[in-house]
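**Q** Please see the structure below; I have some questions.
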């Protein structure tokens, strides 16, 4: 079997909105057919995906009756069972309806906030019914163009009240469900509240049920902010808060492109996969690898499945390269060259004795400043592994 073909243990997932994107954009209509959720499930199964995720209205059109909703959900469940796919994550569309033009949970109008909460309660029920264990919140409209419209402190307070309310609902219902908050700096709003993963991590620390809330970082969103996505993910992992992740590609300084994973900035993609897979020695991320991306507008329906297969294959290629890189003796020698087990225990868990020992160390700081770290060579080794020049 091709070692780069996807397997269920890879936990690769796509959203209905990703492979279902028909190629429309703000400047033109669709360029390929709109496919049914059942057809998308079938296509993902053929590609080797493990799961499929959805917004509520990706599956059940807005305004559907209860009977229509039940019929649609039953048909979707049949497709999942027939093709062996699962639904690990669900979310709510709180950005498309005109009612959300000033936000959902942070809108000034309390009737809009009430509608947003009620819609989310129903969508949580749908997600749990389909088997989701993670529920993502992306505040696409939670922001401003006219900054004077509200005190931003009030916006954060409203967001906290909404998340606390929904956490309490999940607890009361006895659902096995965690929340993951997704940051983005701008688009479709001029500025979006809680703009980065770092913002979200602090916000979570203020919640009533912070233990059940983590983050869902996205490559494109953090890159749009001009930040290192790898560092944001690492901070979330170190805090035990990486509950989900959105993989795609993005060119810095552009609109939210949602490109095929690995199609831009291969070095960052490599370092991200290395981090997630734990090849350097850290704990491996065990959650779904979700591709929140879509095929180029130039593609037909067949091109959509080329895109999906490409996301998964690139991830596995990078995982193999990361494993080889971290097993390379020269790489290990450079990374481990600065380790000093005698000093490390002094650098944490303060005691007066440790402080005294640190002050008594005979350190040649001039020699430290002159010491070559060989990071040029390390980076070149990474490039050579990426390009297949080293195995």
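The values are calculated or read from the model by the stated rules, or taken from the named source; none is laboratory data. Computed from a predicted model, the values in this text were never measured in an experiment. All Cβ positions, glycine included, derive from the backbone under ideal geometry; neighbour counts span all protein chains shown.
**Q** Pick out the one residue from 65, 92 that is buried (at least 17 other Cβ atoms within 10 Å of the Cβ), free of Cβ contacts under 8 Å to residues at least 60 places away in the same chain and within 25 Å of residue 173 (Cα to Cα). Step through it out loud before you land on a result.
**A** Working: 65 fails: buried (at least 17 other Cβ atoms within 10 Å of the Cβ).
Only one candidate passes the filter, namely 92.
**Q** Let me ask another. Looking only at residues in region 134-171 that are assigned to a loop (DSSP other than H, G, I, E, B) and over 22 Å from the mean Cα position of the chain (by Cα), which one is farthest from residue 212 (Cα to Cα)?
**A** Of region 134-171, the ones assigned to a loop (DSSP other than H, G, I, E, B) are 139-142, 145-146, 150-151.
With the extra rule that they be over 22 Å from the mean Cα position of the chain (by Cα), the set shrinks to 145-146, 150-151.
Details: 145: 32, 146: 33, 150: 29, 151: 28 Å.
My answer is 146.
**Q** Next up: Which pairs do you get when a residue that is in the same structural domain as residue 74 (by TED's automatic domain parsing) and without any contact (Cβ under 8 Å) to a residue 60 or more places away in the chain, found in region 30-45, comes within reach of a residue that is surrounded by fewer than 18 Cβ atoms within 10 Å (Cβ to Cβ) and assigned to a helix (DSSP H, G or I), reach meaning Cβ atoms under 7 angstrom, with the pair 6+ apart or on two chains?
**A** Correct list of pairs: 38/75; 41/83; 42/83; 45/83.
**Q** State all residues of region 330-345 that are over 16 Å from residue 389 (Cβ atoms) and part of a helix (DSSP H, G or I); if no residue qualifies, say none. I'd like the intermediate steps shown before the answer.
**A** Within region 330-345, the subset over 16 Å from residue 389 (Cβ atoms) is 332-345.
Selection gives 332, 333, 334, 335, 336, 344, 345.
**Q** Only one of 177, 181, 194 is at negative phi and either buried (at least 23 other Cβ atoms within 10 Å of the Cβ) or not assigned by TED's automatic domain parsing to the domain that holds residue 282 (or both); which? Talk me through it step by step, then tell me what you get.
**A** Details: 177 fails: either buried (at least 23 other Cβ atoms within 10 Å of the Cβ) or not assigned by TED's automatic domain parsing to the domain that holds residue 282 (or both); 194 fails: at negative phi.
The unique qualifying residue is 181.
**Q** Then there is this: Residue 251 versus (1) more than 22 Å from residue 32 (Cβ to Cβ); (2) buried (at least 23 other Cβ atoms within 10 Å of the Cβ): which is the lone unmet condition?
**A** That leaves (2) as the condition not met.
**Q** For region 172-200, which residues satisfy the criterion of being over 19 Å from residue 241 (Cα atoms) and not in a loop (DSSP other than H, G, I, E, B)?
**A** 172, 173, 191, 192
**Q** Of all residues in region 259-289, which are over 24 Å from residue 21 (Cβ atoms) and assigned to a loop (DSSP other than H, G, I, E, B)?
**A** 278, 279, 280, 281, 282, 283, 284, 285, 286
**Q** Give region 23-49 a look and list any residue that's farther than 25 Å from residue 256 by Cβ and part of a loop (DSSP other than H, G, I, E, B), or say none. Reasoning before the result, please.
**A** Applying the first criterion (farther than 25 Å from residue 256 by Cβ) to region 23-49 yields 36, 38-39, 41-42, 45-46, 48.
Answer for region 23-49, where residues must be farther than 25 Å from residue 256 by Cβ and part of a loop (DSSP other than H, G, I, E, B): 36, 48.
**Q** Something else now. State yes or no: is residue 123 surrounded by 15 or more Cβ atoms within 10 Å (Cβ to Cβ), within 16 Å of residue 179 (Cβ to Cβ) and touching a strand residue (DSSP E or B) at 6+ places or on another chain (Cβ under 9 Å)? Step through it out loud before you land on a result.
**A** Working: surrounded by 15 or more Cβ atoms within 10 Å (Cβ to Cβ): yes; within 16 Å of residue 179 (Cβ to Cβ): yes; touching a strand residue (DSSP E or B) at 6+ places or on another chain (Cβ under 9 Å): yes.
When the stated conditions are applied, residue 123 passes them.
**Q** Can you tell me which residue is surrounded by the most Cβ atoms within 10 Å (Cβ to Cβ) among those in region 103-120 that are in a helix (DSSP H, G or I) and free of Cβ contacts under 8 Å to residues at least 24 places away in the same chain? Please lay out each step first, then the result.
**A** Step one: of region 103-120, the residues in a helix (DSSP H, G or I) are 110-120.
When the remaining residues are screened for being free of Cβ contacts under 8 Å to residues at least 24 places away in the same chain, the result is 110-112, 114-115, 118.
Values: 110: 9, 111: 9, 112: 21, 114: 11, 115: 17, 118: 10.
In this case the residue turns out to be 112.
**Q** Here's another thing I want to ask about it. Quick check: anything in region 5-22 over 21 Å from residue 131 (Cα atoms) and surrounded by fewer than 16 Cβ atoms within 10 Å (Cβ to Cβ)?
**A** Among the residues of region 5-22, at least one is over 21 Å from residue 131 (Cα atoms) and surrounded by fewer than 16 Cβ atoms within 10 Å (Cβ to Cβ), which makes the answer yes.
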